[in-house]
Amino acid sequence: MTSLQPWWWAALPVLLLPLWWHRQKRQRTAAELLATARFLPSSAPQQRRIWRWTEVLLLLARLLLLVALIAWLAVTVFPWRGDTVLVAPGLPADWVEREVAAAGMAAAERLVSDVPALDRLRRDEHEWRAGARILVLARAGTVPMPARPPRLAHHVTFRLAPAAAAAPLTHRVVVAAPADRLARWQALFAAFGSAGARYEIAAAPDARTELVVWDRPEAAPAAWRAPHWWRAGPLAGQRVVAGHLQLAYADTPQGRVWTGMPWPPRDGAQAMALYAAWQALAVPPAPYPLPALALAPAGGSRAAGGARADWWPWLLAGLFLTERLLAHARRR
């Protein structure tokens, strides 16, 4: 209940209704045994009222149904958040204070969360009251630009801190080649590393290996595994064009085997073409980062109903069906 509307507890007195319905009065006559009542004056019988519980299972079903209904209404219907600052973890404290003061939101609620801001807003925008302002503070390059402009029901402002210096990527590559060709492969990956990444050449694959270059006539050990393999030979498998090279790949138990590349590249042009093809095929594209901007409320858009709205009605329907079945069984 901590994530629900703060005044959800105001509806809890409704739970007293089924408690009252399921308390039953029972009257008993208190009589005294006498040898004879001939000479005693007449008097009304003494009665006592005794409270007892009835249909405990039906009572529990009705209580659960009311609790689920209160929770659903609290989380999906009644907004409660006002002006809010969404802060990504790890931001400089002085920069956060400057941006909050510049936006005039020093008194606003602050939420620190590693959930992407746009995902959080799409999922939980129903929590904010109409007219509330939302300030999103994140680091540059960490918020991806969506394919379409976000349509939100509130005024949302994005402010981005300078991006932290990224550590150079390290790619682990296994090269199995004769001694007279190994130097050429090492020079090729050293040239690849001039683009900013770092390539480690190893003799055997491990869990971090991304690529195996098999430049030997015999078959590779069956225990070797890697996501990608380069092998000499004719084109075999699904054909694809990348970096002005006609390549082919086939998925095997050892990994995806690529054929058709220059073996090994003889000059800079072939090395450049192979590098471009490898980047296009094996390296996933980086998302375009969202710049600092301010989003006005989209006309006609409504706040999302929350992640719980997908399955919460099914829970309510199940509890209601259970309550009706128990009530019907009581009447029989």
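The values are calculated or read from the model by the stated rules, or taken from the named source; none is laboratory data. Since this is a predicted model, take the numbers as computed values, not measurements. For neighbour counting, all protein chains shown are included, and Cβ atoms are generated from backbone atoms with ideal geometry for every residue, glycine included.
Table for the structure above
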| quantity | calculated |
| --- | --- |
| Segment 204-217, residues that are surrounded by fewer than 10 Cβ atoms within 10 Å (Cβ to Cβ) and at pLDDT 90 or above | Ala207 |
| From Ala277, Ala309, Ala248, Ala304, residue being surrounded by 16 or more Cβ atoms within 10 Å (Cβ to Cβ) and modelled with pLDDT under 80 | Ala304 |
| Residue within segment 221-244 that is of a type in the set (Lys, Arg) and in contact (Cβ under 8 Å) with a residue 40 or more places away in the chain present | no |
| Evaluation of Arg159 against (1) at pLDDT 90 or above; (2) more than 26 Å from Arg120 (Cα to Cα) (one fails), failing number | (2) |
| Candidates Leu59, Leu64, Leu34, filtered to the one that is outside the structural domain of Glu127 (by TED's automatic domain parsing), modelled with pLDDT under 85, surrounded by 10 or more Cβ atoms within 10 Å (Cβ to Cβ) and at negative phi | Leu59 |
| Any hit, segment 173-196, residues being among the aromatic types (Phe, Trp, Tyr), touching a residue at least 60 places away in the same chain (Cβ under 8 Å) and within 17 Å of Leu91 (Cβ to Cβ) | no |
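The rows are residues; the columns are (1) in the same structural domain as Gly268 (by TED's automatic domain parsing); (2) part of a loop (DSSP other than H, G, I, E, B); (3) over 30 Å from Val213 (Cα atoms); (4) under 19 Å from the mean Cα position of the chain (by Cα).
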{"site": "Glu125", "(1), (2), (3), (4)": "no, no, yes, yes"}
{"site": "Ile134", "(1), (2), (3), (4)": "no, no, yes, no"}
{"site": "Phe158", "(1), (2), (3), (4)": "no, no, yes, no"}
{"site": "Arg184", "(1), (2), (3), (4)": "yes, no, no, no"}
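Yes/no matrix, rows are residues, columns are (1) surrounded by fewer than 17 Cβ atoms within 10 Å (Cβ to Cβ); (2) of a type in the set (Lys, Arg); (3) within 30 Å of Ala202 (Cβ to Cβ):
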{"position": "Asp83", "(1), (2), (3)": "no, no, no"}
{"position": "Val87", "(1), (2), (3)": "no, no, no"}
{"position": "Pro92", "(1), (2), (3)": "yes, no, no"}
{"position": "Ala106", "(1), (2), (3)": "yes, no, no"}
{"position": "Ser113", "(1), (2), (3)": "yes, no, no"}
{"position": "Leu137", "(1), (2), (3)": "no, no, no"}
{"position": "Leu152", "(1), (2), (3)": "no, no, no"}
{"position": "Leu169", "(1), (2), (3)": "yes, no, yes"}
{"position": "Ala179", "(1), (2), (3)": "yes, no, yes"}
